[in-house]
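Every number in this text was worked out from the coordinates using simple rules, so none of it is lab data. These numbers come from a predicted model, not from an experiment. All Cβ positions, even for glycine, are placed from backbone atoms using ideal geometry, and neighbour counts span all protein chains on display.
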Amino acid sequence: MDYVRRTINIVPALRRLLLIAACFSPMVSADTLYLTSLHWPPYSGSQLKNEGASIAITRAALAAVGHKVEVDFYPWSRAVRMASRADSKYSGYLPEYAYPTEKFVFSDSMGSSPLGLVEQKRHPISWSEQSDLNQYNIGVVQGYVNTEQLDNMIAQGVQPVEVVASDIHNIKKVVSGRIDAAVIDVYVLRYLLAQPDMESVASRVQLNKRTLTKKELYIAFKNNVEGKKWRDLFNRGLKQIDVDKILKDNMVD
């Protein structure tokens with residue numbers, strides 16, 4: 001009987017120990033990183049598998065170091081603006097190309113973005129140097145970083161350009177002949193042209209045979225203590241995951 005009583009008395013003690021252990025488990029102490037993004041398939045989008053390839057990488061990297069991420073999606077200019085506000089809950093935004101800024105610090109690369117030009121199949125453009133593009137009217141998306149040379153030519157007023165709100169707008173303007181070509185990520189173009197409602201458009205446009213550049217993709221974190229903390233955590237987690245596999249699993253064929 002004494003043995004039975006001792007055993008019964010041990011059970012509540014074990015329960016208390018398990019409860020204490022649970023309180024100190026990584027899941028309970030996990031923090032949540034809040035980011036903004038845009039609808040930019042296949043890299044990001046609320047309706048995409050795993051919210052897109054870039055979000056899937058971010059989530060896996062943070063999980064590897066015991067943390068979570070929540071992403072809210074906005075039009076691009078608003079996504080950047082919301083992430084830059086000092087009074088917002090967001091510590092950064094993604095995906096982004098690196099550019100000179102004092103507002104943000106950039107993570108390690110989470111993949112690359114081949115940048116090209118979409119054009120009409122019947123009227124392809126011809127160029128060797130980016131300065132050759134000055135003879136064409138080129139479409140760009142508002143707020144997007146293009147190549148350094150192209151952005152400089154636009155700023156100097158030597159590059160004829162039309163600015164639109166999205167890649168879809170640019171593709172449709174190419175089809176209608178209102179612009180000669182438009183800057184676009186290769187995988188974004190493939191994804192958009194593969195959509196059922198773009199079938200008639202897909203038969204009329206193509207990617208120009210020359211690539212403008214290949215740009216690395218990053219998370220832009222606020223340039224403050226909190227932002228740098230999350231950047232370091234993300235970079236640490238990034239080294240622990242198979243980025244190429246996650247990209248392959250979440251990119252359109």
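Using a Förster radius of 41 Å, what is the FRET efficiency between Ser109 and Ala194 based on their Cβ-Cβ separation? Nearest 0.05, please. Can you show the working numbers first?
Values: r = 26 Å, r/R0 = 0.63.
The formula returns an efficiency of 0.95 here.
Figure the gain on full extension for Lys245 and Val158 (residue separation times 0.36 nm, minus the Cα-Cα span) and round it to one decimal in nm. Could you put the intermediate results ahead of the total?
Details: separation 87, 0.36 × 87 = 31.32 nm, distance 4.18 nm.
So the extension gain works out to 27.1 nm.
Based on the Cβ-Cβ distance of Thr101 and Asn134, what FRET efficiency does E = 1/(1 + (r/R0)^6) give at R0 = 45 Å, to the nearest 0.05?
Numbers: r = 27 Å, r/R0 = 0.60.
Between Thr101 and Asn134 the formula returns 0.95.
Here are several values of semi-axes √(5λ) of the Cα gyration tensor in Å: (i) 36, 20, 16; (ii) 47, 20, 14; (iii) 39, 26, 18. Which one was derived from the coordinates shown?
(ii)
So if R0 is 51 Å, what FRET efficiency would Ser88 and Gln149 give, r being the distance between their Cβ atoms, rounded to the nearest 0.05? Working shown, then result.
Details: r = 33 Å, r/R0 = 0.65.
Efficiency at R0 = 51 Å is approximately 0.95.
What's the magnitude of the charge dipole for region 150-197 around its Cα centre, counting Lys and Arg as +1 and Asp and Glu as -1 at the beta-carbon? Answer in Debye, nearest 20. Don't skip to the end; give the middle numbers.
Details: 4 positive and 6 negative charges, 27 e Å.
Dipole size: approximately 120 debye.
If neighbour count is taken as other Cβ atoms inside 10 Å, put Thr36, Thr211 in order from fewest to most. Write out the running numbers ahead of the final one.
On the way: Thr36 25, Thr211 12.
Ranked by crowding around the Cβ, least crowded first: Thr211, Thr36.
Would you compute, for the Cα atoms of region 112-214, the largest minus smallest coordinate along each principal axis and list the three values in descending order, in whole Å?
Over region 112-214, Cα extents along the principal axes are 39, 28, 24 Å.
Students often get this wrong, so check it: of Lys103/Lys215; Lys103/Lys173; Lys103/Lys248; Lys49/Lys215, which have C-alpha atoms separated by over 29 Å? Spell out each step's value before the answer.
Numbers: Lys103/Lys215 20 Å; Lys103/Lys173 34 Å; Lys103/Lys248 32 Å; Lys49/Lys215 23 Å.
Cα-Cα > 29 Å for Lys103/Lys173; Lys103/Lys248; rest within.
Would you please name the GluC sites (Glu not before Pro) within region 89-179 that are DSSP coil residues with at most 10 other C-beta atoms within 10 Å of their C-beta?
Values: sites: Glu96, Glu102, Glu119, Glu129, Glu148, Glu162; in loops: Glu102, Glu129.
Passing both the DSSP loop test and the Cβ count: Glu102, Glu129.
Let me have the 222 nm mean residue ellipticity of the chain computed from DSSP H runs of 4+ only, each contributing -39500 (n - 2.57), with the sum over all residues rounded to the nearest 500. List each step's numbers first, then the result.
Working: 10 runs with 100 residues, N = 253.
Computed mean residue ellipticity for the chain: -11500 deg cm²/dmol.
If I take every Cα pair under 8 Å that is 6 or more residues apart in the chain, average their sequence separation and divide by the length, what percent do I get for the relative contact order?
Working: 441 pairs, mean separation 73.4, N = 253.
Relative contact order for the chain comes out at 29 percent.
Only bridges whose two residues both fall in the chain count here: according to DSSP, what percent of them are antiparallel, nearest 5? Walk me through the intermediate numbers first.
Numbers: 19 of 33 bridges.
Within the chain, antiparallel bridges account for around 60 percent of the total.
Give me the one-decimal nm value for the distance between modelled label points at Ser126 and Lys68, 7 Å along each residue's Cα-to-Cβ direction.
The modelled label-to-label distance comes out at 5.8 nm.
Can you order the peptides 51-61, 68-78 by their average number of other Cβ atoms within 10 Å per residue, highest first?
Details: 51-61: 24.9, 68-78: 16.2.
Top of the packing list down: 51-61, 68-78.
Please report, in debye to the nearest 20, how large the charge dipole of the chain is about its Cα centre when each Lys and Arg carries +1 at its beta carbon and each Asp and Glu carries -1 there. Don't skip to the end; give the middle numbers.
Details: 31 positive and 27 negative charges, 169 e Å.
The dipole magnitude comes to about 820 debye.
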